[in-house]
1. Name, by its number, the condition in (1) at pLDDT 95 or above; (2) not in a helix (DSSP H, G or I) that does not hold for residue 183.
2. Give segment 100-127 a look and list any residue that's exposed (fewer than 15 other Cβ atoms within 10 Å of the Cβ), among the small types (Gly, Ala, Ser) and modelled with pLDDT of 95 or more, or say none.
3. Please work out which one of (1) farther than 26 Å from residue 19 by Cα; (2) touching a helix residue (DSSP H, G or I) at 6+ places or on another chain (Cβ under 8 Å) is the condition residue 210 fails and give its number.
4. For segment 102-170, which strands (runs of 3 or more DSSP E) that fit wholly inside it have 1 or more residues that are more than 30 Å from residue 187 (Cβ to Cβ) and out of contact with any strand residue (DSSP E or B) (no Cβ under 9 Å at 6 or more places or on another chain)?
5. Check every one of the helices (runs of 4 or more DSSP H) wholly within segment 1-97 and list those with 1 or more residues that are over 25 Å from the mean Cα position of the chain (by Cα), farther than 29 Å from residue 145 by Cα and not hydroxyl-bearing (Ser, Thr, Tyr).
6. Can you tell me which residue among 307, 296 is part of a helix (DSSP H, G or I) and at pLDDT below 65?
7. Among 242, 219, which is the only one that is in the same structural domain as residue 159 (by TED's automatic domain parsing) and at pLDDT below 90?
8. When you go through 33, 38, 94 one by one, which is the residue that is within 19 Å of residue 154 (Cα to Cα), surrounded by fewer than 20 Cβ atoms within 10 Å (Cβ to Cβ) and polar (S, T, N, Q)?
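The values are calculated or read from the model by the stated rules, or taken from the named source; none is laboratory data. Keep in mind that what you see is a predicted model, and the values were worked out from it rather than measured. A quick note on method: Cβ atoms are made from the backbone with ideal geometry, for glycine too, and the neighbour counts reach across all protein chains shown.
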Amino acid sequence: MILIVPFTILYVLFYLSLAVGWRKISTISSRNTICSFTVIIPVRNEQENIQRILMQLQNQDYPKESFEVIVVDDFSDDDTRSIVEELIQSLNITIRLIALSDNTKQGKKHALTAGVKSASFDTILTTDADCNFTQNWIRSYSDAFDENAMMVAGPVAIEGSGLFARLQQVEFAGLMGFGAVTIANENPSMCSGANLGFKKKAFEEVGGYTDNLFTPSGDDEFLLYSIMSKFPNSTIFLKSSDAVVTTVAHSKLSSFINQRVRWTSKWKHNKNWKVRVSAILFFLDYLTFYSVLISGLLEAVGLEMIGLLLVIRFLAQYLFIYPINKFMKGRSAFFPLIVFQIIYPMHVLFMGLNSIFGSYTWKGRRYR
């Protein structure tokens, strides 16, 4: 019980500082400039999604001659490649298909590296085949990239119906907000490769993914840290509704767990010691929280105190999540956050332990 009080104070101060930080981030406004972009889409077994995203790129409200699309196939064994080849002939945007050929060099980072090397333009945008975006997605990046920007991190939202989808939606809104504030504070924590832009020059000067090429995840966060370290004050968060990329929530618990274990497994490789310390503190906080909750159920601690702690934690988190979820055009975060107060600590503890001792499957490949 003694530890939960200082942990709760830190918890509240942490979320209040994030709430203030989010409000300080300026919204990106239109500059009416035209930049040239190479959009890279790494794919593996995406026959269900690849046509949709390429059609969305064709429908961009942006000059067709000012962007190209490179689809990098990571040893797909479905019809992904043949679908792309057909669309190259039928769509009126520049699309190139690259296939990885060295089986010892597979995975998303190798695919992205191949795409960057083949890019015709100096500014790179990355996304995933299972994403959706507005017709002004590329234009929003053109507004964000100026002569000083080396990297621009875009927002990603989860869409779907039902409680499970809404819990994912709220969780990811919090992660995006956390990433945005830490980028603004020049203390990078996270971004998403599903919606990311960077200069080819910056990628090459930091060595791309050289230091973590064979770590399955982290293509986005490790690159973020490398570029922000090499080029201070050159990375921004793209706070624009036109830039929001959406992806469908997991419908199965197994696929959700696989994804989250993959994400959390990279924290131990993160070079930013503040991120690693934060992860450990969150783990200890939630461990202490459950110890107090169990003690309350066993009548060792008053249930009134536990209820008060839950309300205080909820309010602090809600003040942070609400405006971000609204910006992402998500449904009400109120009820999901109430549920979060009980199940999310268990989620963090489970994912943290699994990232250290467990394994996961991603794109048909098994990792430990």
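1. All conditions pass for residue 183, except number (2).
2. Within segment 100-127, 118, 120 qualify.
3. Residue 210 satisfies all of (1) farther than 26 Å from residue 19 by Cα; (2) touching a helix residue (DSSP H, G or I) at 6+ places or on another chain (Cβ under 8 Å) except (2).
4. none
5. On the way: elements: 4-24, 50-58, 80-90.
Once the helices (runs of 4 or more DSSP H) in segment 1-97 are filtered for at least 1 residues that are over 25 Å from the mean Cα position of the chain (by Cα), farther than 29 Å from residue 145 by Cα and not hydroxyl-bearing (Ser, Thr, Tyr), what remains is 4-24, 80-90.
6. Selected residue: 296, the only one of 307, 296 that is part of a helix (DSSP H, G or I) and at pLDDT below 65.
7. Just one listed residue meets the conditions, 219.
8. Criteria check complete, one pass: 33.
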